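In what follows, a single structure is set out as structure tokens and then discussed.
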Amino acid sequence: MAKRTANSRNKKARKAKSVRKPMKWALRWVGRVFLAGFALLMALVLLFSVINPPITHTIWSEYRRLGKVERDWVPLEQIAPVMARSVVAAEDANFCLHWGFDVNAIRAAIGEGSGRGASTLSQQVVKNVFLWQGRSWIRKALETAITPLVELTWSKRRIVEVYLNVAEMDEGVFGVAAAAEGYFGVTADKLSAQQAARIAAVLPNPRERSASDPSPRLRKRAAAIMDGAATIAADGRADCFE
């Protein structure tokens, strides 16, 4: 009897061991994949702090949909300063004051029962460069994880520069250089305060808005952005990227 009991225990032990072994193997590989993915991500974050992203998921998607896209990368030094101030005033007025997340904007958005207005310029750059468009908890979680890495390794000027070059500003038109030429027939460094404000006003819905043929509502928004750009220039909230 004792022998049968011992044999039964041994069989159960061997069975448990045979189950644990593949589980350990699977967990080990999951860990390796996670570490490899994190290492790749860190490498891309560091690389894009000095090298311009060659393409993004959105640019690739629009190219497949439209058959072509307009894009011409220009350094921040070749973009009218008022253009940078305009997008910051429009999208993230406290950009120079936070570390990637605007806590006050998040609280206000929660209080209103909406996520509108809570996404910072840094978060938008992460979404545009490393992730994809659309609403999902997975994308938002990744965006939340990557944003501090970008803030730690990129300068504020670099974040603004990348944003101005990868954001879609008209249907199939990416970056301020292509937008300035397409809307107004000028180079990015020649944009006036009004033109810059109108380009900033088409965000975040450039496929249904036009900077060169603005609706009354867009004109009103552009006027508010012009005032906001002047305000952040005067009170020092543009100092980190100028």
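The values are calculated or read from the model by the stated rules, or taken from the named source; none is laboratory data. What you see is a predicted model, and the numbers here were worked out from it, not measured in a lab. Methodologically, a virtual Cβ is constructed for each residue, glycine included, from the backbone with ideal geometry; neighbour enumeration extends over all protein chains shown.
Looking at (1) of a type in the set (Gly, Ala, Ser); (2) buried (at least 18 other Cβ atoms within 10 Å of the Cβ); (3) farther than 23 Å from TRP73 by Cα, find the lone condition where ALA201 falls short.
ALA201 satisfies all of (1) of a type in the set (Gly, Ala, Ser); (2) buried (at least 18 other Cβ atoms within 10 Å of the Cβ); (3) farther than 23 Å from TRP73 by Cα except (3).
If you take the residues in the stretch 182-198 that are touching a residue at least 40 places away in the same chain (Cβ under 8 Å) and touching a Ser or Thr at 6+ places or on another chain (Cβ under 7 Å), which one is farthest from THR231 (Cα to Cα)?
Per the criteria, the residue is ALA196.
Any chance the stretch 144-151 includes a residue that's in a loop (DSSP other than H, G, I, E, B), in contact (Cβ under 8 Å) with a residue 24 or more places away in the chain and not aliphatic (A, V, I, L, M)?
The answer is no, given that none of the residues of the stretch 144-151 is in a loop (DSSP other than H, G, I, E, B), in contact (Cβ under 8 Å) with a residue 24 or more places away in the chain and not aliphatic (A, V, I, L, M).
Among VAL126, VAL45, VAL87, which is in contact with a Leu (Cβ under 9 Å, 6 or more places away or on another chain), surrounded by fewer than 20 Cβ atoms within 10 Å (Cβ to Cβ) and either of a type outside the set (Ser, Thr, Tyr) or on the phi > 0 side of the Ramachandran plot (or both)?
None of the other options fit; the residue is VAL45.
Take the residues in the stretch 62-84 that are of a type outside the set (A, V, I, L, M) and closer than 19 Å to SER155 by Cβ, then tell me which one is surrounded by the fewest Cβ atoms within 10 Å (Cβ to Cβ).
Residue satisfying both the conditions and the ranking: GLU77.
Kindly establish whether LEU131 is of a type in the set (A, V, I, L, M), modelled with pLDDT under 95, assigned by TED's automatic domain parsing to the domain that holds THR56 and under 21 Å from LEU44 (Cβ atoms).
Yes: the conditions hold for LEU131.
So, restricting to helices (runs of 4 or more DSSP H) that lie completely within the stretch 1-109, which ones have at least 2 residues that are modelled with pLDDT under 95 and not assigned by TED's automatic domain parsing to the domain that holds VAL126?
2-47
Which condition from (1) modelled with pLDDT of 95 or more; (2) assigned to a loop (DSSP other than H, G, I, E, B) is the one that SER119 breaks?
Of everything listed in (1) modelled with pLDDT of 95 or more; (2) assigned to a loop (DSSP other than H, G, I, E, B), SER119 misses just condition (1).
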